[in-house]
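Below is one structure, written out as structure tokens; the observations come after it.
The values are calculated or read from the model by the stated rules, or taken from the named source; none is laboratory data. The model shown is predicted, which means the values in this text are computed figures rather than measured ones. As a convention, Cβ positions derive from the backbone with ideal geometry for all residues, glycine included, and neighbour counts pool all protein chains shown.
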Amino acid sequence: MSLVYAGICSHGPGITARADRADPVLRDEFYRNFDLMRKDIVNAGADALIIIAAEHFANFFMNNMPAFCVGMAEEYEGPIEDPEWLKIARTKVPGNSDLSGRIIREMMQTVDVAFSEEWKFDHGISVPLNFLTPDYDLPIIPMNINCQGPPLTPLHRAWEFGEAIRRACDAVSEKIAIVGTGGISHWPATPDSGKINVEWDTKFLARFARNDKQGMLSYSDEETYADAGQGGYEIRTLIATASAARGSKANIHFFEPIPVFATSAFCASFEL
């Protein structure tokens, strides 16, 4: 089979941890769009969900920072953060080691990837899964792109990573859904936390929606840091998802800056 669903969403911890402090109209509409994504994944008949994320030093640190890593476990655990703070119960999340292994082998034909049989999910994966697979009944294949520790994964390599994912999806018999999750402009764990550059976000999402490869790859890390903060480096996960969609256009279903979430909240999906 091939890819049956591809979409993106934001993943800030405030989405669940500070939900009670958000504008209820915006929050509820955002949550509604998360649920629509969940229904679309179910209706697509997905046998597994690849989630492309940028983890936050939960599993990888500067002593061992892979450009790309793919999970290859039968189960995972998350969230690694305090469940009472994040407001997501810690639980076991199913994987599929055989399917992961087949996907990794195919991806390695063109992209060098690390792989891991031990992976603790942080909010970057646990927050989206809380909405997209609330019963944890869909096997998850986590994928990480280094958006944290310089030297960062180059944007064009994130695109090539997405191409390898799509080729691997086409090679297996299972139906695969992909969700890329990250932030656009945000300044986490800094005095500027809560700051959002709406103009920058709007321009990036416009390029993303038309799957404008050159536009998405045109950002330098220096420009991104200046205009979108260190959190803006996470556009790599969104770029990889656009690449896996092979030129398909995307619909931005929800996009609103929600400062208490410390990021713009967004949901989008591709017309595969």
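A few comments on the model shown:
- Test: residue 67 is touching a helix residue (DSSP H, G or I) at 6+ places or on another chain (Cβ under 6 Å) and among the small types (Gly, Ala, Ser): no
- Comparison of 51, 41, 88 shows that the only residue that is in contact with a helix residue (DSSP H, G or I) (Cβ under 8 Å, 6 or more places away or on another chain), part of a helix (DSSP H, G or I) and not aromatic (Phe, Trp, Tyr) is 41.
- Residue in region 164-179 that is surrounded by the fewest Cβ atoms within 10 Å (Cβ to Cβ), counting only those that are more than 16 Å from the chain's Cα centre (by Cα) and not hydrophobic (A, V, I, L, M, F, W, C): 173
- Output for region 189-210, where each listed residue is at pLDDT 95 or above and surrounded by fewer than 18 Cβ atoms within 10 Å (Cβ to Cβ): 198, 199, 202, 203, 206, 209, 210
- Any hit, region 158-180, residues being over 22 Å from residue 116 (Cα atoms) and among the aliphatic types (A, V, I, L, M): no
- So residue 153, is it within 22 Å of residue 59 (Cα to Cα), part of a loop (DSSP other than H, G, I, E, B) and either under 18 Å from the mean Cα position of the chain (by Cα) or of a type in the set (S, T, N, Q) (or both): yes
- Top-ranked residue in region 128-150 [being in contact with a Phe, Trp or Tyr (Cβ under 8 Å, 6 or more places away or on another chain) and in a loop (DSSP other than H, G, I, E, B); ranked as modelled with the highest pLDDT]: 146
- Tally of residues being out of contact with any Asp or Glu (no Cβ under 9 Å at 6 or more places or on another chain) and either part of a strand (DSSP E or B) or over 14 Å from residue 52 (Cβ atoms) (or both) across region 107-125: 7
- Among the conditions (1) surrounded by 24 or more Cβ atoms within 10 Å (Cβ to Cβ); (2) at pLDDT 95 or above, the only one that residue 182 does not satisfy is (2).
- Candidate set: region 165-213, residues that are assigned to a loop (DSSP other than H, G, I, E, B) and among the small types (Gly, Ala, Ser); chosen: the one farthest from residue 235 (Cα to Cα): 173
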